[in-house]
1. For the chain, would you read off the P(r) tail past 30 Å as a percentage of all alpha carbon pairs?
2. Take every Cα pair under 8 Å in segment 248-340 that's 6+ residues apart, average their separations, divide by the length, and report that relative contact order as a whole percent.
3. Sum up the charges of everything whose Cβ sits under 14 Å from the Cβ of Val15, counting Lys and Arg as +1 and Asp and Glu as -1, but leave Val15 out.
4. For the chain, take the longest principal axis of its alpha carbons; what is the angle in degrees between that and the long axis of helix 270-287, to the nearest 10 within 0 to 90?
5. Holding the Cα-Cα limit at 25 Å, pick out from Lys158/Lys328; Lys101/Lys131; Lys299/Lys328 the pairs that are longer than that.
6. If Lys and Arg each add +1 and Asp and Glu each add -1, what is the summed charge of the other residues whose beta carbon sits under 12 Å from the beta carbon of Pro54?
7. Using amide H atoms built in the peptide plane, which far-off residues or other-chain residues are under 5 Å from Gly34 H to H?
8. By count of other Cβ within 10 Å, fewest leading, how are Glu320, Glu208, Glu327, Glu155 ordered?
Amino acid sequence: METVEYASRVPSVLVIDDHEQNRELVAAQLSAAGFAVREASSGPGGIQSCADNPPDLILLDVLMPGLNGFETCQRLRELPASRNVPIIILTSLNDLHTQEKAVESGADDFLTKPLQRTELLIRVRSLIRIKLLQTELRNSYQLILDQRNALLRIEGQKDELVAMLVHDLKSPLATISLNLGFLQEAPKLSIDEQEALADSIQAARQLETLAINMLSLGRAEDGRWVPTIAQMEIREIVESLARAFKHRLIARRQTLSVSCPDQGRILGDSDLLHRLVENLLDNCVKYSPAGSAIEIEVKAEQDGFLELRVKDQGAGIPPELRSRIFEKYVRLERNMQAAAHRSMGLGLAFCRMAAEVHGGRIWVEENQPRGSCFCVRLPVSGPTPCTTQQEIGAMAAVP
Ligand code: ADP
C-alpha cells in the first residue's frame, strides 16, 4: 500500500456520487493509496457531511438527481467549513461547456470518467498538498498578525508608561538644577566642591534635556505638538546658550566663538529653537576633545532663509551615516560604549523634528580641517500654515 506523507495525520477525501458502483470504485482506489475515504450518495448528504467534519478534499459527481454537482459545489463554497476545501468535479461529459461550469461553480479541478487511477491519485495528492500548504500559510499569517498586534499593544503601553515617567521626572529635575545653580553662587566653596557641584549640575541638565526630548518627540508623534510661533531673535538664543554653557566649556577647556547678524529675527517657536541649538551645542561639547574650538555661525541668506551652523573639531560623522544620524536611537558605533550611559540617540531626532516643524531642514557636513558642521536652514517667515498636526506627527515618526 502506498503511504500518504502530506501531514502527520491521514488526509481525508469525501466522495459524493449517487452511483454506488462508481463511488465504491473511487473509494477503493483512494483507500488503497492511503487516504481516509468517506462517502455520500447525494448533494445534501455531502454538504451535511462537510458541515459536520470537513474533509481535506471533495470528489463530486455532476449528474445527480435533486441537487446536481454544480449546485452542490456552489453551496459547499458558501459553507464556512468547506469554503477552502479543494473540490474536483467528476464528469463523463468531456466538453468545454461543462468544464467552464465546473470552474464557475467554484471547483478547483475536474476529471472525466471513466477515471484513470494514476491521474486520479496525482490530482488528489497535488490539490491536498496545496491545501495543506495554504492552511499552513494562513495559520502562520494569523500567528504573525496576532504577535504583531500583541507587540503593538505592549509598545503602546510601554510608550504611555515612559511618557508618564518622563513627565513626572521633569519637575524634580528642574528643581535639582535650579538649586544646584543656586549653591554654585555660594562663596567659599573649595575647588573639589566646585567641581562636584559642576558635575552634578551637568548631570541634572543632561537628564532634563533627555526628558524634554523624549516628551517632545512623543507628543509630536501623537500629533499633540502645538508650536508657539512668534517673532524672535536667534541671536538671543545663541547668546543665552553661550552663557549657560560657560562652566562646561571652561571645565573642558573648550572655546566657543559666535558670529551672529543683527538681523537674525525670524518667526518661530523660541523654546523649540532654543532646545534645537542647545542639543547641537551639547553634542559638540560631548563629542569633541578637550581644548578644541566650537563655533556657532548664523547667516541671513538672500532667499528668505536663515542658516545656522554649529561646528566642532571632533571625530565628525562618517559620510555613510550623515543622513541616518537624525533618526531616533541612532548612535555611532565607536561611541556605543563611552556613550552607553548618557546617549540615547534622541537629540538629533528632536533637532530634525524642530527644524521641520518650522518648514526648515537640518543636515550635517564635514568641518574643515576636521570635525562636524551641523547646518540648520529656517525660513525667516516661519512655518507655512499647511504644517498640520498630522504632518508634524509624520515628521517625528519617520524612523
Ligand atoms: P544624544 O542626544 O543621545 O547624544 P544625538 O541624537 O544627539 O544623541 O546624537 C546621536 C549620535 O550622533 C551620538 O551618539 C554621537 O555618536 C553622534 N554625534 C552627534 N553629534 C556629534 C558631534 N558633534 N560629533 C560627533 N558625533 C556626534
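Values in this text are rule-based calculations from the coordinates and carry no lab data. What you see is a predicted model, and the numbers here were worked out from it, not measured in a lab. We place every Cβ from the backbone using ideal geometry, glycine too, and count neighbours over all the protein chains shown.
1. Values: 46816 of 79401 pairs.
Tail fraction, whole percent: 59.
2. Working: 95 pairs, mean separation 26.6, N = 93.
It comes to 29 percent, rounded to a whole number.
3. Working: positive: Arg23, Arg38, Lys113, Arg123; negative: Asp17, Asp18, Glu20, Glu24, Glu39, Asp56, Asp61.
Taking every other residue near Val15 into account, the sum is -3.
4. 90 degrees
5. Working: Lys158/Lys328 17 Å; Lys101/Lys131 22 Å; Lys299/Lys328 28 Å.
Going by Cα-Cα distance, Lys299/Lys328 fall outside the 25 Å limit.
6. Values: positive: Arg38, Arg83, Lys131; negative: Asp52, Asp56.
Local charge sum for Pro54: +1.
7. Amide H neighbours of Gly34, under 5 Å, 5+ apart: none.
8. Numbers: Glu320 7, Glu208 17, Glu327 14, Glu155 10.
Lowest to highest Cβ neighbour count: Glu320, Glu155, Glu327, Glu208.
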